[in-house]
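Enquirer: Structure in structure tokens, see below.
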Ligand SMILES: Cc1cc2nc3c(=O)[nH]c(=O)nc-3n(C[C@H](O)[C@H](O)[C@H](O)COP(=O)(O)OP(=O)(O)OC[C@H]3O[C@@H](n4cnc5c(N)ncnc54)[C@H](O)[C@@H]3O)c2cc1C
């Protein structure tokens, strides 16, 4: 990196978090003096979030590598902000700090039974199947019936990986331990539940359609879940993405009647189901097993504005595992304001200022003067 030749003093910038946001922020600045990450390898959720059978998205890693290889970014791994480095220290050495630490934890779902054995957050499962170094190498895959809560692409990823036959993942970069774990899975039914109707799903068309290409897995839909209110009709009319997805789902509903052979695994898509309780199993003496044995929902209906309201009717499904994929949530960073309701750094249109931007000082130490562990 060369010093600027203009009269302006050299500005020093640190970026914390080497996911795509941190890498591209460094790139746009044309340099970050240091790009820190708590893990030894960069690229955040592209490495440890995107499913192994999505090689096109995983391929973004190549583009990120190219950005890093241009030479203007110095990556320093194994530096956990808040543990290995403080705001005070960063302030001492840099004129500005960009926090690009992403959202790595599951949003909470506060229903009874959420802490039972067999109830998992999608983020943990995803980290396991992507070979995250902080996660155990084994995952309990002993459920025949599984519930996945959520109607976004993460729920689809989790449901797809759970229902696929392990050998169909062999062509991907799936870690050996994950292949071996999935190979032992006795799963027969994976149920995906959304709170609202088919026109309100947060899937994207490509990811939804991909489900129908899964070998030996039937998609199962339920006619009573196909409810559309005025707001749904409007978004089907005005939003091509919604229209495509509703058409895809409606076609599958019709086509399932014509199926001649049954697959050994089924992926059920349910709508208008609001989870109210994860049901604990019972021992013969009536005491609780501490393990998931079912899940209870309130049936919902649309209120005309695409919001769902309870009908007072409840249904229960026998399942031995529940995965919640109800969103990722930001984690607080030491010494940085945090909105714990929304899981974000409070900001005004993306900008946040904890104190006035400092005047650039000519007396900054030269770049790389101390503690430079660039890779
Ligand atoms: C399961 C899943 C599947 C996805 N699939 C797709 C997909 O198919 N297509 C798609 O386009 N997008 C997908 N996404 C979304 C995509 O991964 C994210 O939008 C993207 O990674 C966000 O980038 P980011 O840089 O903001 O955060 P992240 O990728 O999360 O990166 C944040 C980085 O900050 C680091 N960090 C955090 N805290 C600290 C700290 N205290 N100190 C130092 N470093 C820290 C982390 O280690 C991480 O490297 C998926 C996301 C998930 C969760």
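Just so it is clear, none of the values below were taken in a lab; they were calculated from the coordinates. These figures come from a predicted structure and were not determined experimentally. Don't worry about glycine lacking a Cβ; one is built from the backbone with ideal geometry, like all the others, and counts go over all protein chains shown.
Enquirer: Highest mean first, how do 187-193, 321-327 rank when packing is the count of other Cβ atoms within 10 Å averaged over residues?
Expert: Working: 187-193: 22.1, 321-327: 24.6.
Output ranking for 187-193, 321-327: 321-327, 187-193.
Enquirer: Which of rounded, prolate, oblate describes the range 92-204, given a ≥ b ≥ c as roots of the alpha-carbon gyration tensor eigenvalues and a/c under 1.5 marking rounded, otherwise prolate only if a/b is larger than b/c? Intermediate values should be presented prior to the final figure.
Expert: Working: a/c = 1.77, a/b = 1.27, b/c = 1.39.
Since a/c reaches 1.5 but b/c is at least a/b, the shape of the range 92-204 is classed as oblate.
Enquirer: Just for the Cα atoms in the range 22-120, what are the lengths along the principal axes, largest first, rounded to whole Å?
Expert: So the extents along the principal axes, rounded to whole Å, are 49, 38, 20.
Enquirer: Calculate, axis by axis, the spread of Cα positions in the range 159-226 along the three principal axes, and write the results as whole Å, longest axis first.
Expert: Largest first, the range 159-226 extends 39, 24, 19 Å along its Cα principal axes.
Enquirer: Ok, one more. If you scale each eigenvalue of the Cα gyration tensor by 5 and take the root, what three semi-axes come out for the range 61-118, rounded to whole angstrom and sorted largest first? Write down the numbers at each step before the final one.
Expert: On the way: eigenvalues 229, 80, 21 Å².
Result for the range 61-118: semi-axes of 34, 20, 10 Å.
Enquirer: If you take every DSSP beta bridge fully contained in the chain, what fraction is antiparallel? Give it as a percent rounded to 5.
Expert: Here the share of antiparallel DSSP bridges comes out near 35 percent.
Enquirer: Please give the length that would be gained between residue 215 and residue 66 if that part of the chain were fully extended, namely 0.36 nm times their separation in residues minus their C-alpha to C-alpha distance (nm, one decimal).
Expert: Details: separation 149, 0.36 × 149 = 53.64 nm, distance 3.52 nm.
In short, 50.1 nm is gained.
Enquirer: Rg to Rh for the range 230-309: what is it, with Cα atoms only and Rh by Kirkwood? The partial results should precede the final answer.
Expert: Values: Rg = 18.5 Å, Rh = 16.3 Å.
Dividing the radius of gyration by the Kirkwood radius yields 1.13.
Enquirer: Between residue 78 and residue 263, what FRET efficiency comes out of the Förster formula 1/(1 + (r/R0)^6) with R0 = 45 Å and r the beta carbon distance, rounded to 0.05? Each step should come with its number before you reach the end.
Expert: Working: r = 45 Å, r/R0 = 1.00.
Between residue 263 and residue 78 the formula returns 0.50.
Enquirer: Also, quick follow-up: In whole angstrom, how far apart do the alpha carbon centroids of the range 92-111 and the range 313-339 sit?
Expert: Rounded to whole Å, the Cα centres lie 16 Å apart.
Enquirer: Also: Which of the peptides 333-341, 88-96 is most tightly packed, and how do the rest follow, going by the mean number of other Cβ atoms within 10 Å of each residue? Numbers along the way, then the final one.
Expert: Working: 333-341: 12.3, 88-96: 15.0.
Top to bottom by mean Cβ count within 10 Å: 88-96, 333-341.
Enquirer: If neighbour count is taken as other Cβ atoms inside 10 Å, put 270, 34, 213 in order from fewest to most. Show your work: numbers first, answer last.
Expert: On the way: 270 20, 34 27, 213 8.
Lowest to highest Cβ neighbour count: 213, 270, 34.
Enquirer: Quick one: angle between helix 240-255 and the longest Cα principal axis of the chain, in degrees between 0 and 90, rounded to 10, please.
Expert: For 240-255 against the chain, the angle is about 30 degrees.
Enquirer: Under a crude label model (7 Å from the Cα following the beta-carbon direction), how far is residue 117 from residue 254 in nanometres?
Expert: Going from the residue 117 label point to the residue 254 one covers 4.8 nm.
Enquirer: From the helices alone, meaning DSSP H stretches of at least four residues, give me the mean residue ellipticity at 222 nm for the chain, per-run term -39500 (n - 2.57), in deg cm²/dmol to the nearest 500.
Expert: On the way: 11 runs with 93 residues, N = 375.
Helices in the chain give a 222 nm mean residue ellipticity of -7000 deg cm²/dmol.
Enquirer: What's the center-to-center distance, using Cα atoms, between the range 288-311 and the range 202-269 in Å?
Expert: So the two Cα centres are separated by 20 Å.
Enquirer: Rg to Rh ratio, the chain, alpha-carbon atoms and Kirkwood radius?
Expert: Rg divided by Rh gives 1.03.
Enquirer: Treating the angle as unsigned and between 0 and 90°, give the value, to the nearest 10°, between the Cα long axis of helix 153-163 and the longest Cα principal axis of the chain.
Expert: 60 degrees
Enquirer: Okay, moving on. Using the basic label-point model (7 angstrom from Cα toward the beta carbon), what is the residue 30 to residue 177 distance in nanometres?
Expert: Result: 4.5 nm between the two label points.
Enquirer: I need the shape label for the range 106-328. Rule: rounded when a/c is under 1.5, else prolate if a/b > b/c, else oblate, with a, b, c from the alpha carbon gyration tensor.
Expert: Taking the square roots of the gyration eigenvalues as a ≥ b ≥ c, the range 106-328 is oblate.
Enquirer: Return the distance in nm (one decimal) between the two label points of a simple spin-label model at residue 239 and residue 202, each offset 7 Å from Cα along Cα→Cβ.
Expert: 1.2 nm
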